[in-house]
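Contents: one structure, followed by commentary.
Rule-based calculations on the coordinates, nothing more; no lab input. What you are looking at is a predicted structure, and each value in this text was computed from that prediction instead of being measured. Cβ: placed from backbone, ideal geometry, glycine included. Neighbour counts: every protein chain shown.
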Amino acid sequence: MENVTTLTAPSAPEVVSTQPLVCIRNLSKIFYSDELETRAVSDLDLNIERGEYVAIAGPSGSGKSTLLSIIGLLDTPTEGEYLLAGELVTDLSRSERARLRGQHIGFIFQAFNLIGSLTVQANVERPMTFRKMPADERRRRAAEALERVGMSHRAKHYPSQLSGGQQQRVAVARAVAGSPSLLLADEPTGNLDSANGEKVMDLLRQLHQGGATVCMVTHDPRYARHADRTVHMLDGRLA
Amino acid sequence: MNSLWQDLRFGARMLLKHPSFALVAITALALGIGANTAIFSIVNAVLLRQLPYKDSARLMMLWETDPKRGGSPTGFSYPRFNFLRNQQQSFDAVAAYTTRNFSVMGPEGPMLVPGAHISGDFFQATGIGPAYGRPFAPEEDQPGAAPVAILGYELWQSQFGGNQNMIGQSITADGQSLTVIGVMPAGFKLFEEKIDLWVPRVFETNFLTPQQIQRGGIYLAVFGRLKSDVTLDQARAALTVTSEQYQQAFSGNSDAANGMGAGSLREYLVGDISSTLWILLGAVAFVLLIACANVASLLLARVATRQREIAVRMSLGATFWRLVRQTLTESILLSVVGGVVGLLLAFLGLKLVLGMGSEVIPRAGEIQLDRWVLIFTLLISVLTGVVFGVAPALLQAKTNSNESLKEGARGESGGVRRHRLHQALVIAEVALTLVLLIGAGLLIRSFLRLRNVDTGLNPRGVLTMQLVLPASRYGTPAQQAIFYDQLLEKVKSLPGVTSAGMTTRLHLDEPGSTILFFPEGQVDQGAQNPQGRLRIVSPQYFDTMGIPLVQGRMFNERDTAAGPRVMIINESMARRYFQNQNPLGKRITYTLDRLTCEVVGVVRDAKTSVVQTQASEEMYVPYPQRTVPRMMLVVRGSSADPLSLSGEVRRQVQAVDKEQPVAKIRSMDQVIADTLSQPRFMTTLLIIFAVVALILATVGIYGVMSYSVTERTKEFGILMAVGAQQRDVLKMVLKQGLILAVIGVVIGLIATIPLRKLLLSQMHGISATDPLTLVTVSLLLMTVALLACYIPALRATRVDPLDALRYE
């Protein structure tokens, strides 16, 4: 059992703004198939303030993951507006969205999504290379992030040599190492047993306590309780 | 046996189920195996198969060695041959021959046919005699004997309709009536030289006088059949002793100081081409290895898709070796099908190769896809199947059945192994291709150098043809000179002809006759005198060939048989023997017939062949002063195509003597092309193999990168989700490909070091480390590798992160 040090907030940019970090207005996402129109998200309004820990809960198919993808700039809305840190991001190009993802957003996925051919250290460093961060700086931040999640002793290991809980902690380190404005977690405990799930929840809690803005999708009410605020979704709308 | 049959049927079903995979793999294998089969069939016929003579391994070529030229081999003089024949005890028989063209009257008029004087022991030494009739009787091999001849089979068929009644009848050759006593077997060649007329009496030749022959003039080729209880080394030792005896017995002869050497007839016949063929066999082996790497890559990609199938088999009790055998059976099945298609390609390729190089490949007529070639193809097919199949088979059989049966399994070790193996295959393909490309590149550069080499003369627009005057009508030098005078006069007056000349031996085609001489101021040392090259020419030969005068004068009409003997030498000769003196007015004496000439001019060095690195010392004498019956006519015309003059020039020959044939009608450009035929053959084939290798490597790199991108779809999705932009992914894939290409290039460059040494013998005028070639080829290959990576890289940039993450 590794020791987890007390987490401090990732050094998020100290921007003094009265605007919410995430501001969503009348947002809809419609998927079209041959003869079917599916509204995954429908006329949704949502604000996430800086430093807030929000859980998006709801049953399977309620549209919470679609919403998270739009918030994370992995997907675009069909209708409505989305402002990230005050910037309208609804109609940005693919590469602009990629750039903003790299600068502002950290992702934690249900399936960890570490890259098998890279060491733990390299996995954590990799997103920062796309921001043209100097190598020394990358190494320092990765080491700090791994230290924060208690995985520095496994820095030279490959993901396949780690347990699921350890992999998710590395994924958390990767997400926070670049000091994102917003940390998005999509069912971060979905592939973990309850003990490891709790550990990851503790990590997120500590990150939030350190100042991070966290938005987590979960279908499990037990984990949703860790958040400051829980929004429930049903059939693409906030319940 | 039953399970093997099951494996075969299963393998066949798998191939039919994946036709595109099978097509690509079989095409790659067919190219590799086909190229190997084609080249092996040449190697087999030329280098491995016995020569078509009885007990041919015991046939040895003999030669004189010239100590003044570092022991380089040369022909035999008649006195030495005769001495050796009488003294030696190492050989069952020693025979001599000399070849020349005969002017034979056929049903359609005079024609020049290739003929040979052979000594009495010739048939005993080769073990082959006439197919019809009888061999020469000993009394027919004596001076003054009744002239007899044996016809070559092809001449007998083409000119005399294969009529067996020809035996006992007469034909006219060189104006002399010869009684036909036999016909040689079909296809029989005099050591690769086509001979249509066989006559005895090697002690007679039309280009040396009897006196010159007796004083050691070299003109014979000699071979012997080694006794069964004598080794080649023992024979060589005995030849050394015989040489010393000859030197004592014939100390006054011009070849007295020479030694003697011996080597296998096979080496003599195929020695020049053997290194070329081995290099080509090596080249096609590389092509096959690249094909193997390609197919191994394809199989590796299939390993990933078949993991669950293998896991199910293992869970049902299949053992490790049973799985290896199943996969290897599929690989071998694939390669055997590739081998069958390759055999078809080899058949077509062989026609192409022989079309290009039948003149440079000895024994070309014997090349065929015989049973040894079929056995080779089968063996190489099975071996190929094992080579490309073994790694995927082992990897596949090591599949962890437990992990593979789980959905979304975490185990990635198999993937990492596959990935590394894929990378290793790309590196190997690049390295192998680089070796071939560098080989081809060096030969191209060398060939271009040869084509543009300064030969010291201007060959453009020059027509050449050979004249051999028959002794019956042109028995004296005066008669020969009159013919040449008249012919040159007529040819020069033809419209479109700017000049015409003659020479005994054509520059860029053959070296001048070797003679011993001593320049004025030096002591006559007999057989120890220096050697030089002699050409007998007409006054306008230099103008016609574009060889400029450097000093003194050209020959003119005053240089007659009755006038003072004159000589023109080349710059190399002037430099070597008259270093700080004016060579004009100096006198040079030939050792052989004690004739002394005065140097009246110096001309620029002209090369004997385009591959000659340094011009030899050459002497020229005017034909009226030393007339011979065999000359090459050279005609410079104003037309770009000198061959357009050939008909008219030929008519002028007939106008002087309607029975006089001409032969070897060629432009000087053709003469040069013939000289370059072997380097051209080698270069062309290596280019073809290098291009095939490059295509295979490109397809291989593309395939591996494409597969890698597919396998890494999720990785790219993750990276794009965490901030990678399209250009980052593009760079990542290109960089990955480039790193593999660079590693391959570095390994390839190291691997070319021995190859470059091997190619040294094939290269002219460039270094084996020619930086331009090495850099250009390396850059070319890296560019091609990058291009092969570009399409997969572009595909990688189009990965939608959301889709890729859902892919999980």
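Quick notes
- Within straight-line reach of A:Lys64, meaning a Cα separation under 16 Å, sit the following lysines at least 8 residues removed in sequence or on another chain: A:Lys29.
- Counting Cβ atoms of other protein chains within 10 Å of each Cβ in B:682-694 and taking the mean gives 0.
- Note: relative contact order over segment A:53-188, using C-alpha pairs below 8 Å and six or more positions apart, is 32 percent.
- Restricting the trypsin sites (Lys or Arg not before Pro) of segment A:150-239 to loop positions (DSSP other than H, G, I, E, B) with no more than 15 neighbouring Cβ atoms within 10 Å leaves A:Lys156, A:Arg225.
- Extreme residue, positive dipole direction of the protein assembly as shown, given options B:Phe40, A:Gly211, B:Ile695 (C-beta unit charges): A:Gly211
- For chain B, the 222 nm mean residue ellipticity estimated from helices alone, with every DSSP H stretch of n ≥ 4 adding -39500 (n - 2.57) and the total spread over all residues, rounds to -17000 deg cm²/dmol.
- Projecting the Cα atoms of B:Tyr268, B:Gln247, A:Val54 onto the charge dipole of the protein assembly as shown (Cβ charges, centred on the Cα centre) puts A:Val54 farthest toward the positive pole.
- In order along segment B:739-744, the phi-based Karplus estimate (6.51 cos²θ - 1.76 cosθ + 1.60, θ = phi - 60°) of 3J(HN,Hα) comes to 4, 4, 5, 5, 4, x Hz; Gly and Pro are listed as x.
- Distances between placed amide hydrogens fall under 5 Å for A:Ser28 paired with A:Asp43, A:Leu44, A:Thr78, A:Glu79, A:Gly80, all partners being 5 or more residues away or on another chain.
- Per-residue mean of foreign Cβ neighbours for A:124-134 is 3 (Cβ atoms of other chains, 10 Å radius).
- Among A:Thr218, A:Thr189, A:Thr38: highest mean-square fluctuation, GNM of chain A, C-alpha pairs under 10 Å: A:Thr38
- Under the simplified labelling scheme, the B:Ser767-B:Asn582 pair shows an inter-label distance of 4.3 nm, with each label point 7 Å from Cα along Cα→Cβ.
- Fraction of beta bridges assigned by DSSP in the protein assembly as shown that are antiparallel (%, nearest 5): 70
- Treating each Cα of segment A:13-124 as an identical point scatterer and summing with the Debye formula, the log10 of I(q)/I(0) at q = 0.10, 0.16, 0.22 Å⁻¹ comes to -0.35, -0.85, -1.34.
- Residue-wise HN-Hα couplings along segment A:33-43, as the Karplus relation 6.51 cos²θ - 1.76 cosθ + 1.60 with θ = phi - 60° gives them from phi, are 10, 3, 10, 10, 10, 10, 8, 6, 10, 9, 6 Hz; Gly and Pro carry x.
- Of the two radii for the protein assembly as shown, the radius of gyration is 1.19 times the Kirkwood radius, both from the alpha carbons; that is the Rg over Rh value.
- Cα lying deepest toward the dipole's positive end in segment B:121-202, options B:Asn165, B:Gly127, B:Ile181, charges on Cβ: B:Asn165
- Between helix B:413-451 and chain B: long-axis angle, C-alpha atoms, 0 to 90°, nearest 10: 20
- Per residue of B:724-730, other chain Cβ atoms within 10 Å of the residue Cβ number 5 on average.
- 19 Å Cα-Cα reach of B:Lys757 towards aspartates and glutamates, excluding residues that sit fewer than 8 places from it in its own chain: B:Asp272, B:Asp770
- Estimated FRET transfer efficiency when R0 is 25 angstrom, pair B:Leu374-B:Lys351 (beta carbons, to 0.05): 0.90
- Electrostatic dipole magnitude of segment A:52-147 [Cβ: Lys, Arg +1; Asp, Glu -1; Cα centre; debye, to 20]: 420
- Per-peptide packing, taken as the mean over residues of other Cβ atoms within 10 Å, places B:497-503, B:640-646 in the sequence B:497-503, B:640-646 from highest down.
- Per residue of chain A, the DSSP helices (runs of n ≥ 4 H) give a summed -39500 (n - 2.57) that works out to -10000 deg cm²/dmol at 222 nm.
- For segment A:51-109: rounded, prolate or oblate by the Cα gyration tensor [a/c cutoff 1.5]: prolate
- Distances between placed amide hydrogens fall under 5 Å for B:Asp605 paired with B:Glu571, B:Ser572, all partners being 5 or more residues away or on another chain.
- Pair B:Glu557, B:Thr209: separation of 7 Å Cα→Cβ label points (nm): 2.8
- Projected label distance in nm at A:Ser160 and B:Arg727, using a 7 Å step from Cα toward the beta-carbon: 3.5
- Residue pairs, from the table B:Lys189/B:Lys490; B:Lys194/B:Lys658; B:Lys227/B:Lys351; B:Lys189/B:Lys227, whose Cα atoms sit over 31 Å apart: B:Lys189/B:Lys490; B:Lys227/B:Lys351
- Contour excess over end-to-end distance, with Cα ends at B:Glu489 and B:Val341 and 0.36 nm allotted per residue: 47.1 nm
- Value of relative contact order over chain A, rounded to a whole percent, pairs C-alpha under 8 Å and six or more apart: 33
- Sites B:Trp5 and B:Trp321, calculated FRET efficiency, Cβ-Cβ separation with R0 25 Å, nearest 0.05: 0.90
- Residue by residue, segment B:780-789 carries 3J(HN,Hα) couplings of 4, 5, 5, 5, 5, 4, 5, 5, 5, 7 Hz when phi is fed to the Karplus relation 6.51 cos²θ - 1.76 cosθ + 1.60 (θ = phi - 60°); x denotes Gly or Pro.
- Ranked by how many other Cβ atoms sit within 10 Å of their own Cβ, fewest first, the residues B:Phe250, B:Phe10, B:Phe388 fall in the order B:Phe10, B:Phe250, B:Phe388.
- Relative contact order, percent, segment A:23-106 [alpha-carbon distance under 8 Å, six or more residues apart]: 31
- Estimated FRET transfer efficiency when R0 is 22 angstrom, pair B:Arg449-B:Leu779 (beta carbons, to 0.05): 0.55
- Residues of segment B:657-692 falling in the label zone of B:Asp641, defined by backbone nitrogen less than 20 Å from a point 7 Å along Cα to beta-carbon, are B:664-674.
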